[in-house]
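Engineer: To start, I am sharing the structure in question, which I have written as structure tokens.
The values are calculated or read from the model by the stated rules, or taken from the named source; none is laboratory data. Remember, predicted model here, so these are calculated numbers, not experimental data. Cβ placement follows ideal geometry from the backbone for every residue including glycine, while neighbour counts extend to all protein chains displayed.
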Amino acid sequence: MQDVDWGGDPHNKAIALREGDTVRLSPRRSFEKWTEVVRGRSEPWSDRERLSAEELRTGLVETLLLRGRWEVHAAREVQRALRPDALPAVPGWTLEARYEPAAGGEVGGDWYDALTLPDGRLALVVGDVAGHGLPAAAAMGQLRNALRAHLLRGDGPADALGWLDRYSRQVLADDLTTLAVVAVDPRTGEVELSLAGHPSPLLLDADGRAAALPAELDPPVGVGSGRPPTTRVTVPPGGGLVLFSDGLVDSRDTRLSAGLERLVGAFRPGVTIDDVLAACRDEGSVDDVTLVVLRRG
């Protein structure tokens, strides 16, 4: 606390404005002593105090930087642990998957999964939790394991997504997730597909050319209907199925429709999954990218 003496009340501007410039002496304009009590302000800092404050600031910045690095590392480890160690080997089919983090190495909410179901079908999943960093990776882990549990107990893609939507509303109420879930019968090539706010997969013909599947779409998990629609299609001999996240086709520099057109055009006879990824990689994207390609022999 400090006492400050003024020649008149410096804060009484109303009197000064009302009296105008013609009044030479007034409660505001005279030199009558007016004392103000100033609180909430410190004495001027000494050189030693300023140096201590600068050292404290430097220490806090370094601590925040280390914490940020730790969170990025932890998120990467969580995401790495959630990816399959090895993709299932399906006689007569080839399965490949690629994941690339966002620009700057920040971990996003993308994940993919592949597992053989009790009835012999192959389940493929590509999901995308909104957000980045450790919270997105943690939500991803819970959703991935819950979805696996429903698929392995015999639920089809639509039922599994319906249960996952209920789970998300109860446990992850602040998270929105898009998902594409397919179950493929390797004997016949028949595909059962359900989508929750996610881009529709591509269907490859016998020549390796792609076309977007006209699949029905439910809202994202967490705000879904609880009854996602089912789309059925058959992969022809020599054809295939392509699942991907929106980071591959949508960015601040590329509209979604243009990105989808680019992705469809990238598939042609003899092209590899790495060729497609290189052709569609967008330098303006701030999202991670997932691409899964299943081909029938």
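Engineer: I'd like to check something: does region 108-128 contain any residue that is among the hydrophobic types (A, V, I, L, M, F, W, C), out of contact with any strand residue (DSSP E or B) (no Cβ under 6 Å at 6 or more places or on another chain) and closer than 19 Å to ASP246 by Cβ?
Structural biologist: Taking every residue of region 108-128 in turn, none turns out to be among the hydrophobic types (A, V, I, L, M, F, W, C), out of contact with any strand residue (DSSP E or B) (no Cβ under 6 Å at 6 or more places or on another chain) and closer than 19 Å to ASP246 by Cβ.
Engineer: Quick check on region 214-264: of everything there that is at pLDDT 95 or above and among the aliphatic types (A, V, I, L, M), which residue is nearest to HIS198 (Cα to Cα)?
Structural biologist: LEU243
Engineer: Sticking with this structure for a sec: Please pick out the residue among SER257, SER285, SER245 that is assigned by TED's automatic domain parsing to the domain that holds VAL125, polar (S, T, N, Q), out of contact with any strand residue (DSSP E or B) (no Cβ under 7 Å at 6 or more places or on another chain) and in contact (Cβ under 8 Å) with a residue 40 or more places away in the chain.
Structural biologist: None of the others qualify; the one that does is SER285.
Engineer: Tell me the residue from VAL61, VAL78, VAL90 that is modelled with pLDDT under 80, surrounded by 14 or more Cβ atoms within 10 Å (Cβ to Cβ), not in a strand (DSSP E or B) and not basic (Lys, Arg), please.
Structural biologist: VAL78
Engineer: Which of the numbered conditions does ARG166 fail, given that it passes all the others? Conditions: (1) surrounded by fewer than 18 Cβ atoms within 10 Å (Cβ to Cβ); (2) touching a residue at least 24 places away in the same chain (Cβ under 8 Å); (3) assigned to a loop (DSSP other than H, G, I, E, B).
Structural biologist: (3)
Engineer: Taking LEU204 and the conditions (1) under 15 Å from GLU96 (Cβ atoms); (2) at pLDDT 95 or above; (3) within 24 Å of the chain's Cα centre (by Cα), which numbered condition does it fall short on, given that it satisfies the others?
Structural biologist: It is condition (3) that LEU204 fails.
Engineer: Condition first: touching a Ser or Thr at 6+ places or on another chain (Cβ under 7 Å) and modelled with pLDDT under 95. Now tell me which residues in region 114-129 satisfy that.
Structural biologist: GLY127, ASP128, VAL129
Engineer: Among the residues of region 183-195, is there at least one that is buried (at least 19 other Cβ atoms within 10 Å of the Cβ), part of a loop (DSSP other than H, G, I, E, B) and on the phi > 0 side of the Ramachandran plot?
Structural biologist: No, there is no match, as no residue in region 183-195 is buried (at least 19 other Cβ atoms within 10 Å of the Cβ), part of a loop (DSSP other than H, G, I, E, B) and on the phi > 0 side of the Ramachandran plot.
Engineer: What strands (runs of 3 or more DSSP E), lying completely within region 199-297, carry at least 1 residues that are buried (at least 22 other Cβ atoms within 10 Å of the Cβ) and in contact with an Asp or Glu (Cβ under 6 Å, 6 or more places away or on another chain)?
Structural biologist: In region 199-297, 289-296 are the strands (runs of 3 or more DSSP E) which contain 1 or more residues that are buried (at least 22 other Cβ atoms within 10 Å of the Cβ) and in contact with an Asp or Glu (Cβ under 6 Å, 6 or more places away or on another chain).
Engineer: On to the next question. Does VAL171 qualify as being surrounded by 20 or more Cβ atoms within 10 Å (Cβ to Cβ), among the β-branched types (Val, Ile, Thr) and in the same structural domain as LEU203 (by TED's automatic domain parsing)?
Structural biologist: no
Engineer: Looking at (1) modelled with pLDDT of 95 or more; (2) closer than 22 Å to PRO91 by Cα, which is the one condition that is false for SER194?
Structural biologist: That leaves (2) as the condition not met.
Engineer: Scanning region 136-163 for residues that are buried (at least 24 other Cβ atoms within 10 Å of the Cβ) and either farther than 12 Å from VAL125 by Cβ or of a type in the set (S, T, N, Q) (or both), which turns out nearest to the chain's Cα centre (by Cα)?
Structural biologist: Going through the qualifying residues, I end up with ALA136.
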